[in-house]
Amino acid sequence: MNCRWMLFVVAITLTTTAKAVDSDAASLTLGKLPAGKVLFLGNSITLHGPSEKIGWKGNWGMAASSKEQDYVHLVTARIAKSIGDRPKIKVRNIAAFEREYETFDVATGLKDEFGFRADIVIVAIGENVTAPATEEAKVAFAEAFSGLLDSVRQHGKPEIFVRSSFWPNSVKDDIMRHASEAAGATFIDITELGNDQANRASAERDFEHAGVAAHPGDKGMQAIASAIVAAIRANAGVTE
């Protein structure tokens, strides 16, 4: 068998395998919702790599005690239990969008995420957005956030769930709420969770950096996951 033929066989095999995996994912449903692919778009609460300067050693949602205890993996585990198989997931920290939403190129910056064509998309941002202090700033954030949701909607037919900020801010959260409603997304208000100091990591253990300590601890991650899963199940028509 010559080299060119071998490469052809390998390519066909890989393509067939990929199609089989996608087919398996497409068959997974939670109630009335397809649930084979789940995309998480967030910030450090969703995913943060090790950072020596702030004393964070994990590579998961800050500041859960382990990967299994962050809200991403808790949500994934609960969906897997409901559908009888583990969904494919993709996780992306989009703090750059939060900080530079007026200039962030969503189409290019999230090309891989859009190519994933998720069935369920969970958007969990807002904490790094500077609170809009003027009407112009409010409009700018509203337009950028609406644009993000519209772009998500254009890639596949995902059900979109938007979580309010863990550190509540009525201005930012109201903008995200209205944009979510306009886009047909489900808005999940976790204001009460964020206001409860017991949900912060500082209530569970000591941290060198105050910013890390202000993130949700294991209890907070559990509460966020529960709120998200409840919204997904309600949307899916699942009551048990």
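The values are calculated or read from the model by the stated rules, or taken from the named source; none is laboratory data. Predicted, not measured: the structure shown is a model, and the values here were computed from it. Here Cβ is always computed from backbone atoms with ideal geometry, including for glycine, and neighbour counts include all displayed protein chains. Surface areas here come from the heavy atoms of the whole protein model, side chains and all, with no ligands, DNA or RNA. Shrake-Rupley method; radii C 1.70, N 1.55, O 1.52, S 1.80 Å.
Structure summary
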{"item": "Rounded to 10°, Cα long-axis angle of helix 135-153 versus longest principal axis of the chain", "result": "20"}
{"item": "Surface accessible to a 1.4 Å probe, per residue, for the residues of the chain, Å²", "result": "50"}
{"item": "Solvent-accessible area of L28 with every protein chain in place, 1.4 Å probe, in Å² to the nearest 10", "result": "20"}
{"item": "Burial order of peptide ranges 56-63, 185-192, 102-109 (average beta-carbon count within 10 Å, highest first)", "result": "56-63, 185-192, 102-109"}
{"item": "Burial order of peptide ranges 43-54, 127-138 (average beta-carbon count within 10 Å, highest first)", "result": "43-54, 127-138"}
{"item": "Solvent exposure, largest accessible area first (probe 1.4 Å, DNA, RNA and ligands not counted), of D70, D206, D112, D174", "result": "D206, D112, D174, D70"}
{"item": "Pairs beyond 23 Å (Cα-Cα), from K37/K67; K37/K81; K57/K81; K37/K138; K32/K88", "result": "K57/K81; K37/K138"}
{"item": "Estimated FRET transfer efficiency (D85, E143; beta-carbon r; R0 30 Å; 0.05)", "result": "0.20"}
{"item": "Cα-centre dipole for the chain with unit charges at Cβ (Lys and Arg positive, Asp and Glu negative), debye to 20", "result": "980"}
{"item": "Rounded percent of accessible protein surface that carbon and sulfur make up, the chain, 1.4 Å probe", "result": "52"}
{"item": "Dipole-positive endmost among G211, A198, S146 within the range 126-228 (Cβ charges, Cα centre)", "result": "S146"}
{"item": "In degrees, nearest ten, helix 218-236 long axis to first principal axis of the chain (Cα)", "result": "60"}
{"item": "Helical contribution to [θ] at 222 nm, DSSP H n ≥ 4, -39,500 (n - 2.57), averaged over the chain, rounded to 500", "result": "-14000 deg cm²/dmol"}
{"item": "Whichever aspartates and glutamates have a C-alpha closer than 12 Å to that of K53, once near sequence neighbours (fewer than 8 apart) are set aside", "result": "E208"}
